[in-house]
Amino acid sequence: MIISVINKKGGVGKTPFAFSIAKDLGYFLQSNDNSIIEQIYPQKAKILLTPKKIDNCVYDFGGFVEKGILEIVKESDYIIVPCTSDYNSLLRTLETLNEIGNSNKVCILVTDYRDDKEKNQICETLDSNFTDLNLFFFKFSKIIRNSTSSGASFTELYNENNLSRLSYTNFFNEYQKLLSFITKEK
Ligand SMILES: Nc1ncnc2c1ncn2[C@@H]1O[C@H](COP(=O)(O)OP(=O)(O)OP(=O)(O)O)[C@@H](O)[C@H]1O
Ligand SMILES: [Mg+2]
């Protein structure tokens, strides 16, 4: 199985989600964008200008969508698109969705919002442009930064102790839904 995490917009959480999903599934991780992944996920993570298509791999695609990348995206079993609430992120997300095309393989992560107002704004913009989107909701959480700074996946961070289980409950429940969605039999 291959999974692409993509959005032309930077700073939406592509790397933390790609890293965590890869680690939790025991998959390889490749990226065309500079980040900490090779240090926090040694042996399994590689940064390559032109990523190679291999099985059991999560791709963290930042920046420009060039031909080789679009090919891997098109052949992915699932395409994960994180989107934050700022105007620029929404515009870039719509551009990204137009390029890759919406299908049942695409999962939009509505993420990094602080309240329902922000959440609804994102949903309204997405829904007015596309129908039948698979949406997952990740309210702002420190788990995102903690994951790439500690090298622990979201599951590992959640399971650290009682306090982390309490703090990360909502985020983790939604993350489990996402994991079940992408690992279910087709
Ligand atoms: N639920 C969330 N809670 C907190 N931060 C979040 C959440 N979802 C997304 N983020 C964003 O994740 C960012 C950190 O991820 P990072 O900057 O590595 O994303 P990226 O999309 O990989 O960026 P780049 O394209 O620059 O590599 C934070 O700046 C924050 O805005
Ligand atoms: Mg990144």
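Phi angles of the range 95-104 translate, via the Karplus equation with coefficients 6.51, -1.76, 1.60 and θ = phi - 60°, into HN-Hα couplings of 4, 4, 5, 5, 6, 8, x, 7, 7, 5 Hz per residue; Gly and Pro are given as x.
Multiplying the residue separation of E71 and I54 by 0.36 nm and removing their Cα-Cα distance gives an extension gain of 4.9 nm.
Specify the inter-centroid distance of the range 18-63 and the range 167-186, based on alpha-carbon positions, in whole Å. Between the Cα centres of the range 18-63 and the range 167-186 lies a distance of 20 Å. Under 5 Å from the amide H of I80 lie the amide H atoms of S4, V5, I6, C107, each residue being 5 or more positions distant or on a separate chain, with H modelled from the backbone and absent for Pro and chain starts. Taking G62, G13, G101 as the candidate residues, the one with maximal mean-square fluctuation in a Gaussian network model of the chain, Cα springs under 10 Å, is G101. Residues whose amide H comes within less than 5 Å of that of G10, counting only those at least five positions distant or on another chain, are absent (H built at 1.01 Å from N in the peptide plane).
For K142, a cut-off of 13 angstrom between C-alpha atoms picks up these aspartates and glutamates, skipping any fewer than 8 places away in its own chain: D112.
Around the amide H of A45, modelled in the peptide plane, lie the amide H atoms of L29, all under 5 Å away and 5 or more residues distant in sequence or on another chain. Remark: V73, V65, V110, V5 ranked as V65, V73, V110, V5, counting other beta-carbon atoms within 10 Å and listing the fewest first. Over all distinct Cα-Cα pairs of the chain, the Kirkwood formula returns a hydrodynamic radius of 16.4 Å. Beyond a 25 Å Cα-Cα separation, which of these cross-linked pairs lie in this structure: K14/K67; K52/K119; K9/K184? Going by Cα-Cα distance, K52/K119; K9/K184 fall outside the 25 Å limit.
A short reminder: the numbers here are calculations on the coordinates, not readings from a lab. From a predicted model like this one, the values you see are computed outputs, not experimental measurements. No Cβ is skipped: glycine too gets one built from the backbone with ideal geometry, and neighbour counts run over all protein chains shown.
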